[in-house]
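The values are calculated or read from the model by the stated rules, or taken from the named source; none is laboratory data. Since we're looking at a predicted model, the values are computed, not measured. Every residue, glycine among them, receives a Cβ derived from its backbone with ideal geometry; neighbour counts consider all protein chains shown. The protein model used for the area step is the full one, side chains on, heavy atoms only, and it has no ligands, DNA or RNA in it. Shrake-Rupley method; radii C 1.70, N 1.55, O 1.52, S 1.80 Å.
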Amino acid sequence: MQRALSKNLTNNRHGGRMSNKKEDYKSSQLYRIRHSTAHVMAEAVLEMFPDGQVAIGPAIDDGFYYDFDLPRSLTPDDLETIENRMKELIKAKSDFVCEEVSAEDAKDLFKDQVYKLELIEGLESGNLDDDGNPTDEKAPITIYRSGKFVDLCRGPHVENTSQINGQAIKLLNVAGAYWRGDEHRPMLQRIYGTAWESKDELKDHLWKLEEARKRDHRKVGKELDLFSSNDEVGQGLILWHPNGGMIRHQIERYWDDQHIANGYDLIYTPHMGKASLWETSGHLGFYKENMYSPIQIEDQEYYIKPMNCPFHLHVYKSQLRSYRDLPLRFAEKGTVYRYERSGVLHGLMRVRGFTQDDAHHFCRPDQMPDEIDFTLNFSIDMLRAFGFNEFQAYLSTKPEKSVGDEKMWRDAEAALEDTLIRMGIPYEVDAGGGAFYGPKIDLKIKDALGREWQLSTIQFDFNLPERFDLSYIGEDGKEHRPYMVHRALLGSMERFFGVLIEHYAGAFPVWLSPKQVMLIPIADRHNSYAHEVAAKLKKAGLRVSVDDSSDRMNAKIRNAQKQKYPYMLVIGDREMEEGQVALRRRSGENPGAMSVDAFLALALDEIAQKI
RNA sequence: GCCGGCGUAGCUCAAUGGUAGAGCAACCGCCUUGUAAGUGGUAGGUUAUGGGUUCGAUUCCCAUCGUCGGCUCCA
């Protein structure tokens, strides 16, 4: 089995349960439409700026873009003008005509287009394709003509612009993008657009964008008072407010319980360590650009930690380990700090200080397949508990430059793939995409809007056990090197929180809700009974508030709804007389009056079920 | 870091060379309410920060900080 799998990996043959959505998409009509729309856009842009330089313009997920070098910056008004012109060009019903040309002819045709000339040279020398990506095959040079526009392009395209629905395209935004993604090369202007087969699909897509905007964790985070960042504190450093803090506490409590129940030991390690530690680990060699400047303490340099691993390795090394002790699993919610360039910071999703839900497993080679199985299962179980049920895995294999012997890599890759197949998780192989120290699986979840987020990562490490000279005493009484797996399940508390916020649009399941119950007395005379009920519910462990303001009931309900309280309990004369509460749910559902005990039982049950 | 946009009251936004305004929130009243906004009043601003142009700058220019859309990178 393992040999077969290894062969699979070597040949990069994507069979079995491996997904090939990308290939399907690339051969679809929609892909052609988008790619062709990009050409139409380029034609419209060149009409506006006859001296403009065009770079590349591929179809991407949900749309397309095209990069231009233009004499001035584009404005939103320009986008509207361009879009309108595109619609006219589409109506002209131009054919897309493909021609194969010699390199000389191509160079002559694009003699004023410096980026195209560079691409042609890449094609000519046979190591770059027409998007400038490395390739092994020397592809023929093809051009596509449509209207007055000619582009160096491999295609495929629609046959005629009439196959593009002018009612189903929209230009979205302009952004800067480096030529070939290289920051040392010119900055171009990229126009993003979207294109669909029908007007309705466009509408759906725009609705989805709008919905994503509405549930943006930065917006919801402000509305629900979950977190903030602050000028004076610094970029990319998150302040967790009481509401966010309560959610994090619930997440961490569950996380701790699950880890303890599943054979982990919880450990705690410091926020910094001496320079020599990071030299031993190699971080000062290959990770220094992400680390902050050292702190001088009594003639010694210390670094704030960007990772937890070196500390965990020292916990392992703190005593002699027997093969009987393994596997060992050390877990820590470890807070790390990494330098990120200011332009990449983004809400909770990309920050400079964050807490990884980290762990390191140490095991014997023979335990490795089981250990991977366990880890992936545990990871999926954990994510399911938070309401994520769709997963996509990415398996990254041995890159050219790597440490560790061939057999270790083969075994590890096979174990990873084997587990993915056994668990029926769709996956893609990123051949050669692993870190130099070991292969890995990255798990992405799909959220309520179908967007993918990378959370879990399970990585082999053949490097650190070597560098720290880890060993255990085997059955044979000799020293052996353990395998080490580094894993994070939620990824980081910050990013996971951001994903959770967007997944639930702030309407967290009851067990996570920072506020669970709002009591709504209708008039002042109901206030004291409301406080009595609140005290009882609090005693049972619920997170309860009473709105005893002078607002009317309608306003109280509105406020509680906006704050996403899962339960609102209205209390008036009838309830007070009967010792009841009238339940209204966040969903708008209105089960009505019930005894306090009945409500309590209902709430505790839903909390236990994590719904 | 780079390209482009933005930064006005706690929040959402007006005002555009002539010394800043609304709604919500807050606070003080009145109302005592039955499933998403009852009502009157009060207070709240060195218009991100620092420089420049100008008789005069929130408005124009420069720099810094922050932020947004991307590039690159990643938990």
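Could you check, for the range A:523-546, whether at least one of its residues is under 25 Å from A:I607 (Cα atoms) and near RNA strand B (Cβ under 6 Å from one of its atoms)? Give the derivation first.
Restricting attention to the range A:523-546, the residues satisfying the condition of being under 25 Å from A:I607 (Cα atoms) are A:529-546.
Among the residues that remain, those that are also near RNA strand B (Cβ under 6 Å from one of its atoms) are: none.
Checked the range A:523-546: no residue is under 25 Å from A:I607 (Cα atoms) and near RNA strand B (Cβ under 6 Å from one of its atoms).
Across the range A:421-470, which residue is most open to solvent (accessible area, probe 1.4 Å) among those that are in a strand (DSSP E or B) and aromatic (F, W, Y)?
First pass over the range A:421-470, keeping only residues in a strand (DSSP E or B): A:427-430, A:435, A:438, A:440-446, A:452-460.
Then keep just the ones that are aromatic (F, W, Y); that gives A:427, A:453, A:460.
Numbers: A:Y427: 3, A:W453: 55, A:F460: 1 Å².
Filtering the range A:421-470 for residues that are in a strand (DSSP E or B) and aromatic (F, W, Y), the one most open to solvent (accessible area, probe 1.4 Å) comes out as A:W453.
The single condition from (1) within 10 Å of RNA strand B (Cβ to nearest atom); (2) loosely packed, with under 15 Cβ neighbours inside 10 Å; (3) not in a loop (DSSP other than H, G, I, E, B) that A:V499 fails is (2). When residues in the range A:322-342 are screened for being more than 10 Å from RNA strand B (Cβ to nearest atom) and either touching a residue at least 12 places away in the same chain (Cβ under 8 Å) or under 22 Å from A:P294 (Cα atoms) (or both), 13 of them pass. Residues that are at pLDDT below 95, within 16 Å of RNA strand B (Cβ to nearest atom) and not hydrophobic (A, V, I, L, M, F, W, C) do not occur anywhere in the range A:464-479.
Conditions (1) aromatic (F, W, Y); (2) assigned to a loop (DSSP other than H, G, I, E, B); (3) surrounded by 13 or more Cβ atoms within 10 Å (Cβ to Cβ), marked per residue:
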site	(1), (2), (3)
A:G541	no, yes, no
A:D551	no, yes, yes
A:I557	no, no, yes
A:E577	no, no, no
A:S587	no, yes, no
A:A601	no, no, yes
A:I607	no, no, yes
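Applying the condition of being assigned to a helix (DSSP H, G or I) and touching a residue at least 24 places away in the same chain (Cβ under 8 Å) to the range A:210-235 and asking which residue is nearest to RNA strand B (Cβ to nearest atom) yields A:R218. Inside the range A:589-599, residues that are more than 7 Å from RNA strand B (Cβ to nearest atom) and either part of a helix (DSSP H, G or I) or touching a strand residue (DSSP E or B) at 6+ places or on another chain (Cβ under 8 Å) (or both) make up a count of 7.
Yes or no: the range A:279-289 includes at least one residue that is under 23 Å from the mean Cα position of the chain (by Cα) and within 14 Å of RNA strand B (Cβ to nearest atom).
yes
Within the range A:175-185, the set of residues being of a type in the set (A, V, I, L, M, F, W, C) and either open to solvent by 50 Å² or more (accessible area, probe 1.4 Å) or within 22 Å of the chain's Cα centre (by Cα) (or both) comprises A:A175, A:A177. A search for C-beta distances below 7 Å between a residue of the range A:400-418 that is of a type in the set (K, R) and any residue that is outside any helix (DSSP H, G or I), counting only pairs 6+ apart in sequence or on different chains, returns A:K401/A:F436.
In the range A:186-209, the qualifying residues are those that are polar (S, T, N, Q) and surrounded by 13 or more Cβ atoms within 10 Å (Cβ to Cβ), and the one that is nearest to RNA strand B (Cβ to nearest atom) is A:Q189.
Only residues that are over 28 Å from the mean Cα position of the chain (by Cα), among the aliphatic types (A, V, I, L, M) and surrounded by 16 or more Cβ atoms within 10 Å (Cβ to Cβ) were counted across the range A:264-278, and they come to 1.
Which members of the range A:559-575 meet the condition of being acidic (D, E) and surrounded by fewer than 15 Cβ atoms within 10 Å (Cβ to Cβ)?
First, pick out the residues of the range A:559-575 that are acidic (D, E): A:573, A:575.
Hit for the range A:559-575 is A:D573, nothing else.
What tally of residues in the range A:28-65 results from selecting those that are small (G, A, S) and either more than 24 Å from A:L202 (Cβ to Cβ) or free of Cβ contacts under 8 Å to residues at least 40 places away in the same chain (or both)?
Residues flagged as small (G, A, S) and either more than 24 Å from A:L202 (Cβ to Cβ) or free of Cβ contacts under 8 Å to residues at least 40 places away in the same chain (or both) within the range A:28-65 amount to 4.
Restricting the first member to the range A:532-556 and to residues that are not assigned by TED's automatic domain parsing to the domain that holds A:D597, and the second to residues that are within 16 Å of RNA strand B (Cβ to nearest atom) and assigned to a loop (DSSP other than H, G, I, E, B), no beta-carbon pair is closer than 8 Å while six or more apart or on different chains. Taking the criterion of being more than 16 Å from RNA strand B (Cβ to nearest atom), under 22 Å from A:I267 (Cα atoms) and over 18 Å from the mean Cα position of the chain (by Cα), would at least one residue in the range A:343-359 satisfy it? The answer is no; no qualifying residue exists. In the range A:80-123, of all residues being under 25 Å from A:G166 (Cα atoms) and buried (at least 19 other Cβ atoms within 10 Å of the Cβ), the one that is farthest from RNA strand B (Cβ to nearest atom) corresponds to A:S94. Within the range A:346-379, if we keep just the residues that are outside any strand (DSSP E or B), hydrophobic (A, V, I, L, M, F, W, C) and out of contact with any helix residue (DSSP H, G or I) (no Cβ under 7 Å at 6 or more places or on another chain), the residue that is most open to solvent (accessible area, probe 1.4 Å) turns out to be A:F374.
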